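Take a look at the structure set out below.
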Amino acid sequence: MGDGLTAAPGGLLDLLRVAALVLGSDGRIVLWSPEAELLLGFSAAEALGENAGRLLVAPENRSRARELFEHVRSGARWAGVFPVRHKDGSMRRVEFRTMQLRDARGDVHALGLATDAQTVRDVERDLALSHTLFHQSPVGIAVFDTDLRWVRVNPSLERINGVPEEAVLGRRVGEALPALDVEAIESRMRQVLRTGEPLLDRQTIGRTAADSEDHAYSESYHRIEDANGRVLGLAMAILDVSERQRAAAEVAKARERLAVIADASVRIGTTLDLRQTARELAEVAVPELADLAAVDVLDSVVDLGGTATTRMDGLLDFRALAVAACCPTHAIEAADPVGELASYDSSRVITQCVREARPILLRRVTAVTMRRIARDDSAAETLRRAGVHSYLAAPLLARGEVLGTLSLSRTVNPRPFDGQDVTLATDLAARAAICIDNSRLYGRERNTALTLQRSLLPQEPPHCADIEVASRYLPAVSEVGGDWFDVLPLKDGKVGLVVGDVMGKGVHAAAIMGQLRTATRALARLDLPPAELLYHLDDIAASLGDSDSMATCLYVVCDPRLHRCELSRAGHLPPVLVDPAGRAELLDVPGAVPLGVGGVPFGSEEHDLTEGTLLALFTDGLVENRGESIDIGLQKLLRLLDGTQLPLEETCDMLLGALHREPDDDVALLLARHSSSQN
């Protein structure tokens, strides 16, 4: 109605369905409302004029019902729950409000207002829950009418707003809190009122009276309707998520740091090359951690010879190994040139970092501190123009020794380095330092093993009548092994040819090789047949008491006078024989087992050794390639030797050039040709 005197009804009474019934002074029903029929099932025709006690009350409760009826007729009021019989015979718990009525004649009646007791309990529970949630919820809750004006504010929202409830009631958001994003908030409110669809976790940035700086808020909007669907307004739930956003940012940064560390674990130390490891470290640090990265190590680290020392003049010698930048920048020009030596005193940051074995952070680079970073005034000016504003140096610390520094600068990234960046840089530097130290230790061991091995191999093949020889030894790039060869002058103009391969790598393998080579030379002087020599050599290898002392070996005795050769092998690849006509074949020599296994006899074979015959003895490094069967390498070797007429030195170079593509293993190659021209 538009008269301004009446308003639309609420829905609570509809929910409760309050029934009305009136009893006359004799206890008969004189009024029965439609809600009473809905509540108890009896129609008005069935109920009116009936004695209420007999119609609605169970026999065992009628005495109590009469007492209550008389109590009300006397003018008192009674409220409570009483069991009432439904038309279907069941008993229903009904909540009553009863009172005395008098008509115009003065007769006394009893009025009962009744509703289902369970419905009342449900409504009470819902109201209590709503009240509790509203007042005790840590979430800010606001209720607005359809004109977007505040109706209710809970205590949590009062704290968020910094304004008491009474100061905002009847006002709009912008009137009470103008520093919020009012336009966005009211636009969402109107949308929810119009569509009825809730909006959840919508974020705005703004400031309330309780804050001196902007906060982030998460807001959820819900339309409020009564039981009949009439729109009453809307409710908002508000959370200050500033801390959550900061935490999320920290989590994101932590994930970025973990990603950098995971990347570093894969990319740093892929080889034992010191310079490659330094490049990998610089490339991992850029751009995730820094805009510019440089890796400088002490010169003593590059020079494999010793540990870091301070010169008499107090300077430290550094050698730049890598520089990386996130984008083209003149700042690279200010870095120490890669490969060059530079000496710095204690005023330079990287010198301090090495001497104190700790990271040095210059959160904000000034004109004074810039000079401590740069090598000279010109470099300092270049860094200043490039925008370097924050600097961090982390020590390359491995096994208690500082090997150098990782220097990081920020130019594009406006955020200065912080404590978490220091932790990450230190971790990256430590990982790389271990790899750099391993490279240094490996280089030392490789140099030692290579020196030992070369000292044990024959420097020049001895001159042998009627037997021309040529040889090559190539160490593996990754790690020196135990390959060896030897040419042994024997009695009566005979010549012993030996090629062997000790299992294992490094100094230990080279030492075992030296022992076996010395034993072979000593046994050969006894003029033993090849199989017998290997038998004794097997005992010697087994006596060394180490599984790494096992070795393969091929021993050939050439007798130019008889034009014969006798061969025996212990697990080694068979030799190739090229006859004077140029036909190459693998000789079928019994293989037996490697030296050091013990208990297995060695067989031998004899073959013609006419003038011009070529024998090729070699270790598996010559013919073995990853991803290929060794038979493929052997067939390639046969094809290369088939029909060759090259001199032996050129033949060695030709074979190595064609077959030794992946130097992952040592190679020993020994060529011998029967030639009477040597007399």
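The values are calculated or read from the model by the stated rules, or taken from the named source; none is laboratory data. What you see is a predicted model, and the numbers here were worked out from it, not measured in a lab. So basically every Cβ, Gly included, is an ideal-geometry build from the backbone, and we count neighbours across all protein chains shown.
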**Request:** Would you point out the residue of the stretch 581-602, among those that are within 30 Å of residue 643 (Cα to Cα) and in a loop (DSSP other than H, G, I, E, B), that is modelled with the lowest pLDDT?
**Result:** 591
**Message:** If I ask for residues that are of a type outside the set (A, V, I, L, M, F, W, C) and under 14 Å from residue 531 (Cβ atoms), which ones from the stretch 562-613 would you list?
**Reply:** 566, 568, 569, 571, 572, 590, 591, 601, 603, 604, 605, 606
**Request:** List every residue pair whose Cβ atoms lie under 7 Å apart, where the two residues are 6 or more positions apart in sequence or sit on different chains, the first residue falls within the stretch 571-600 and is aromatic (Phe, Trp, Tyr), and the second residue, located anywhere, is surrounded by fewer than 22 Cβ atoms within 10 Å (Cβ to Cβ) and not in a loop (DSSP other than H, G, I, E, B).
**Result:** none
**Item:** Candidate set: the stretch 172-212, residues that are farther than 18 Å from residue 232 by Cβ and hydroxyl-bearing (Ser, Thr, Tyr); chosen: the one surrounded by the most Cβ atoms within 10 Å (Cβ to Cβ)
**Value:** 208
**Fill in**
Matching residues in the stretch 360-408 (under 25 Å from the mean Cα position of the chain (by Cα) and under 14 Å from residue 291 (Cα atoms)) number 5
**Message:** Looking for something part of a strand (DSSP E or B), polar (S, T, N, Q) and out of contact with any Phe, Trp or Tyr (no Cβ under 7 Å at 6 or more places or on another chain) - is there at least one such residue anywhere in the stretch 199-216?
**Reply:** no
**Complete:** Among (1) at pLDDT 80 or above; (2) not assigned by TED's automatic domain parsing to the domain that holds residue 425; (3) not hydroxyl-bearing (Ser, Thr, Tyr), residue 282 falls short only on (2)
**Asked** Just checking, how many residues over the stretch 109-138 are surrounded by fewer than 12 Cβ atoms within 10 Å (Cβ to Cβ) and outside any helix (DSSP H, G or I)?
**Response** 1
**Request:** Report the residue count in the stretch 628-641 for those that are under 19 Å from residue 670 (Cβ atoms) and part of a loop (DSSP other than H, G, I, E, B).
**Result:** 0
**Message:** Can you pull out every residue in the stretch 73-101 that is touching a residue at least 40 places away in the same chain (Cβ under 8 Å) and farther than 17 Å from residue 115 by Cα?
**Reply:** 73, 88, 101
**Asked** Can you pull out the helices (runs of 4 or more DSSP H) entirely within the stretch 25-86 that have at least 2 residues that are under 60 Å from the mean Cα position of the chain (by Cα)?
**Response** none
**Message:** Of all residues being loosely packed, with under 15 Cβ neighbours inside 10 Å and either within 37 Å of the chain's Cα centre (by Cα) or modelled with pLDDT of 85 or more (or both) in the stretch 286-316, which is nearest to residue 349 (Cα to Cα)? Just the residue, please.
**Reply:** 307
